[in-house]
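Structure first, then comments.
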Amino acid sequence: MVVAKNEAKDLGAALASVAWADEIVVVDSHSTDNTVAIARQYTDRVVVHDWLGHIEQKNYAASLASHDWILSIDADERVTPALADEIKAALAAEPRHMAFRIPRVTWHLGRWVRTTDWYPDYQTRFYDRRRARWTGRYVHEALTIDGSLGSLAGEIQHYAYRDIADHLETIDRYTTLAAKQMHEDGRRAGLLQLAGHPLLAFLRNYIARGGIRDGVPGFIISSMNAYYVFIKFAKLRELQDADRRTPNVER
């Protein structure tokens with residue numbers, strides 16, 4: 001299944017990579033580009049539906065499927081032939097787990113990135129909808145599973161960013177959501193968080209997680225990951241400051 005909006009650029013390749021599936025379900029959220037027409041080249045199970053948020057939209061899409069075992073991918077992802085073969089073999093033998101996590105590899109700056117926090121970037125995407133459901137809040141929805149979790153070796157390929165400018169735009173969107181979630185959880189951002197956490201993130205990505213092996217691209221990605229952490233805490237600090245400036249209103 002795929003949930004999409006204005007994904008004409010990527011959707012065709014994503015659906016082609018799962019053409020082997022028994023059924024493809026696409027839920028579109030009123031795209032203004034060619035997304036629906038492209039989806040209908042690969043499946044007649046295309047539903048246009050109001051956007052419910054990432055979590056409920058995925059649960060809605062899963063509810064439309066004719067089968068209980070679901071493989072969820074995004075429009076900017078591709079299922080490798082090795083992963084497809086592994087999924088088909090698991091289904092033929094009756095899966096021993098209720099869901100499976102899958103390693104995801106990202107293409108960025110001219111290479112597949114198998115270092116830093118980006119790899120193996122396990123994603124739980126293959127699951128029995130009778131025993132699993134999408135949950136979460138603002139950032140990084142996840143499956144809550146009633147049962148055991150297995151792992152597959154084949155990869156999902158992720159074409160996350162067109163370039164560094166696109167990467168920066170994504171960081172801006174996700175750090176806003178992450179800061180909002182931390183703020184609601186009562187997290188605080190002081191000088192220690194603003195100065196310390198980004199540095200630790202860089203060292204973890206570049207040294208501990210092997211970004212140094214990817215040369216200049218590894219340095220750039222490690223720096224961008226550290227920047228993400230800094231902006232996330234800076235936005236959390238901004239929310240804290242807004243709270244302090246808001247006068248208490250007696251009731």
Practice prompt. Could you point to the residue in VAL2, THR116, LEU199 farthest towards the positive end of the chain's charge dipole, with +1 and -1 charges on the Cβ of Lys/Arg and Asp/Glu respectively?
Written response: LEU199
Worksheet item: Using the C-alpha gyration tensor of the range 1-142, what are the square roots of 5 times its eigenvalues, in whole angstrom, with the largest one first?
Response: 22, 20, 16
Practice prompt. Any chance you could list P(r) for the chain, counting all Cα-Cα pairs in 5 angstrom bins from zero, rounded to whole %?
Written response: 1, 6, 11, 14, 17, 16, 14, 10, 6, 3, 1, 1, 0
Discussion item. Out of all DSSP beta bridges in the chain, what portion is antiparallel? Express it as a percent rounded to 5.
Written reply: 55
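When N counts the residues of the range 99-190, how does its alpha-carbon radius of gyration compare numerically with 2.2 N^0.38 Å, as a ratio?
1.28
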Discussion item. To the nearest 20 Debye, how big is the dipole of the range 113-249 about its Cα centre, given +1 on the beta carbon of each Lys and Arg and -1 on that of each Asp and Glu?
Written reply: 320
Worksheet item: Projected onto the charge dipole of the range 37-173 (+1 at Lys/Arg Cβ, -1 at Asp/Glu Cβ, origin at the Cα centre), which of ILE145, HIS54, ALA75 gives the Cα projection farthest towards the positive end?
Response: ILE145
Worksheet item: Mind listing the phi-derived Karplus ³J(HN,Hα) values for the range 89-106, rounded to whole Hz, using 6.51, -1.76 and 1.60 with θ = phi - 60°, and x for any glycine or proline?
Response: 5, 5, 5, 5, 9, 6, x, 8, 10, 8, 7, 9, 8, 10, x, 10, 10, 9
Response to the item:
Karplus-derived 3J(HN,Hα) from phi for the range 58-71 (6.51 cos²θ - 1.76 cosθ + 1.60, θ = phi - 60°), whole Hz, x at Gly and Pro, runs 5, 5, 5, 4, 4, 5, 7, 5, 7, 10, 7, 8, 10, 10
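The numbers here are math on the coordinates, done by the rules we state, and not lab data. None of these values were measured; they are calculated from a predicted model. Don't worry about glycine lacking a Cβ; one is built from the backbone with ideal geometry, like all the others, and counts go over all protein chains shown.
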